[in-house]
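S.K.: My questions all concern the structure below.
The values are calculated or read from the model by the stated rules, or taken from the named source; none is laboratory data. It should be emphasised that the depicted structure is a prediction, and the values quoted were computed from it without experimental measurement. Counting neighbours? That spans all protein chains shown, and the Cβs are built from the backbone with ideal geometry, glycine included. What goes into the accessible areas is simple: the full protein's heavy atoms, side chains included, and nothing from ligands, DNA or RNA. Shrake-Rupley method; radii C 1.70, N 1.55, O 1.52, S 1.80 Å.
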Amino acid sequence: MIDQSTHEMLAQPLPDEQARQRFVLSLKRHLAGTLRPGMAAVWAREAEPAFVAEHGRPPADRDEAEQALDRSAAYRFTKAVNRVSQELMWQAVGETVYREEDRLREAAARLERERPAGGSLELDPQLEIEPIYKDCYIHLQPEGYVPPDPDGDSIIAGAFYESGGRLYSMGRGMSGGDSKAGAVIGWLRERRPGWEPKRILDLGCSAGGAVTVYAEEFPDAEVHAVDLGSSMLRYAHTRAESIGVPVHFHQMDAGRTRFPDGHFDLIVSHNLFHEISSEKRREIAKETERLLAPGGIAIHQDVDLLFRGKAHWEEAERAYDLSHNNEPFWLAYATCDFAAELREAGFPTQTVSEHKVRKTAGPGFWYVFAAEK
């Protein structure tokens, strides 16, 4: 197995930078392991009783539950620590990324010229990108997913995404490596033992951390990936080249690609749905149905965030990222029924399924929507 824990395109911290990143890691682990789980007790012992005493009834919905929680100093403190930990994470990572930026640009230029792994990069300067991805720095990532690229050599979006994502994942109890693709591949191997797709597509590939796992797992497959921004894609492409796996990256809208009908045996996405609108999600359902070949399977994975069966206070606590972490589509995903949208797109009911897939590198589960043709 290829070691993806370090590669030429990864920003390398100096000892003092690493020390600051370790502090952030400890803070995030305390937040994820102690403070946020403690909100169940805060709700039961403080927030709900106070609301009932004032109104004579429990909170009727998520908004009222959030109002009740916000009257608790413990909850407000936890929210503040959550926000500060995210800001500190990007500051700590940013010291390394900006110091390494010239080296990363030079490495990217060389890897693009040489293309040692045999992958490719197709950019489309005319692609129309929704303004929110330029104006909203999702999960507070500096410069956002689609930063300006006037000189045609930016790698900053991908560099931030991978370095910040590693630190965030470890703060949530996972390893620094990618666990999303590994979990999906493990689930796929159980469902279809011995099956080998000929063509694979990753929709919304970001910095390329997942798609290279597929390229390694299925070395005979032709692997493609799409995303919106040139900076993100340039990093993902040269990252794959530095690791040594061939992936073909394209600057496309995941809901409106230019691939032929029925072109892919395996279509995947990872942590995409909580960062797109409901309209775009429905477009992706239709595009999935159009692009999937007979006998193929599509697997869309995201965080286990759906509100189904959750108490109002749990919905309120989980909705934190909408208002405080620049995640404008957080609730659109948490309240969605993508399985129904896949059926509306043309997949027969019996071919659509939903699953909780255990993480391979940390506690908990990912959520998966699957469709077969």
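Here is a yes/no grid of residues against (1) within 13 Å of residue 253 (Cα to Cα); (2) of a type outside the set (Val, Ile, Thr); (3) surrounded by 17 or more Cβ atoms within 10 Å (Cβ to Cβ):
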residue: 270; (1), (2), (3): no, yes, yes
residue: 284; (1), (2), (3): yes, no, yes
residue: 291; (1), (2), (3): no, yes, yes
residue: 298; (1), (2), (3): no, yes, yes
residue: 304; (1), (2), (3): no, yes, no
residue: 307; (1), (2), (3): no, yes, yes
residue: 311; (1), (2), (3): no, yes, no
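S.K.: Could you please find all residues in the range 186-220 being in a helix (DSSP H, G or I) and aromatic (Phe, Trp, Tyr)? First the steps, then the outcome.
M.R.: Step one: list which residues in the range 186-220 are in a helix (DSSP H, G or I), which gives 186-191, 211-217.
Answer for the range 186-220, where residues must be in a helix (DSSP H, G or I) and aromatic (Phe, Trp, Tyr): 187, 214.
S.K.: Just a yes or no: is a residue in the range 235-244 open to solvent by 20 Å² or more (accessible area, probe 1.4 Å) and of a type in the set (Lys, Arg)?
M.R.: no
S.K.: Now for a different question. Going through the range 246-265 one residue at a time, which ones are farther than 20 Å from residue 373 by Cα, assigned to a loop (DSSP other than H, G, I, E, B) and within 21 Å of the chain's Cα centre (by Cα)?
M.R.: Across the range 246-265, the qualifying residues are 247, 252.
S.K.: Continuing with this model, one more query. Scanning for something surrounded by 14 or more Cβ atoms within 10 Å (Cβ to Cβ), among the basic types (Lys, Arg), over 22 Å from the mean Cα position of the chain (by Cα) and not in a helix (DSSP H, G or I), does the range 103-126 turn up at least one residue?
M.R.: Checked the range 103-126: at least one residue is surrounded by 14 or more Cβ atoms within 10 Å (Cβ to Cβ), among the basic types (Lys, Arg), over 22 Å from the mean Cα position of the chain (by Cα) and not in a helix (DSSP H, G or I).
Residue-wise test of (1) closer than 29 Å to residue 137 by Cα; (2) not polar (S, T, N, Q).
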| site | (1), (2) |
| --- | --- |
| 320 | yes, yes |
| 324 | yes, yes |
| 328 | yes, yes |
| 331 | yes, yes |
| 349 | no, no |
| 355 | no, yes |
| 359 | yes, yes |
| 362 | yes, yes |
| 373 | no, yes |
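S.K.: If residue 324 satisfies every condition in (1) open to solvent by less than 30 Å² (accessible area, probe 1.4 Å); (2) touching a residue at least 40 places away in the same chain (Cβ under 8 Å); (3) in contact with a helix residue (DSSP H, G or I) (Cβ under 6 Å, 6 or more places away or on another chain) but one, which is the exception?
M.R.: (1)
S.K.: Just name the residue that is nearest to residue 105 (Cα to Cα) out of those in the range 204-234 that are surrounded by fewer than 24 Cβ atoms within 10 Å (Cβ to Cβ) and more than 18 Å from the chain's Cα centre (by Cα).
M.R.: Step by step, filter the range 204-234, then rank; the result is 216.
S.K.: Another question about this same structure. Go through (1) modelled with pLDDT of 95 or more; (2) surrounded by fewer than 12 Cβ atoms within 10 Å (Cβ to Cβ); (3) within 30 Å of residue 235 (Cα to Cα); (4) not acidic (Asp, Glu) for residue 5 and report which single condition fails.
M.R.: With (1) modelled with pLDDT of 95 or more; (2) surrounded by fewer than 12 Cβ atoms within 10 Å (Cβ to Cβ); (3) within 30 Å of residue 235 (Cα to Cα); (4) not acidic (Asp, Glu) applied to residue 5, the lone miss is (1).
S.K.: Give the range 143-169 a look and list any residue that's under 19 Å from residue 25 (Cβ atoms), open to solvent by 30 Å² or more (accessible area, probe 1.4 Å) and at pLDDT 95 or above, or say none.
M.R.: Scanning the range 143-169 gives a single hit, 161.
S.K.: Taking the stated definitions as given, is residue 188 farther than 27 Å from residue 370 by Cβ and among the aliphatic types (A, V, I, L, M)?
M.R.: Values: farther than 27 Å from residue 370 by Cβ: no; among the aliphatic types (A, V, I, L, M): yes.
Against the criterion (farther than 27 Å from residue 370 by Cβ and among the aliphatic types (A, V, I, L, M)), residue 188 does not qualify.
S.K.: Would you list the helices (runs of 4 or more DSSP H) that sit entirely within the range 284-373 and hold 3 or more residues that are of a type in the set (Asp, Glu)? Spell out the reasoning first.
M.R.: Values: elements: 312-318, 320-324, 330-334, 338-344.
Because the criterion is at least 3 residues that are of a type in the set (Asp, Glu), the helices (runs of 4 or more DSSP H) in the range 284-373 that meet it are 312-318.
S.K.: Hey, does the range 48-57 have a residue that's over 26 Å from the mean Cα position of the chain (by Cα), crowded, with 17+ Cβ neighbours inside 10 Å and either within 27 Å of residue 182 (Cα to Cα) or of a type outside the set (Val, Ile, Thr) (or both)? Outline the logic, then answer.
M.R.: Taking the range 48-57 first, the residues over 26 Å from the mean Cα position of the chain (by Cα) are 48-57.
The next check asks that each one be crowded, with 17+ Cβ neighbours inside 10 Å; those that pass are 48, 51.
Filter again for either within 27 Å of residue 182 (Cα to Cα) or of a type outside the set (Val, Ile, Thr) (or both), leaving 48, 51.
The answer is yes, given that some residue of the range 48-57 is over 26 Å from the mean Cα position of the chain (by Cα), crowded, with 17+ Cβ neighbours inside 10 Å and either within 27 Å of residue 182 (Cα to Cα) or of a type outside the set (Val, Ile, Thr) (or both).
S.K.: Could I ask something else about it? Six or more apart or on different chains, Cβ atoms under 6 Å: show the pairs whose first residue is in the range 22-40 and within 18 Å of residue 314 (Cβ to Cβ) and in a helix (DSSP H, G or I) and whose second is modelled with pLDDT of 95 or more and among the aliphatic types (A, V, I, L, M).
M.R.: Pairs found: 31/81.
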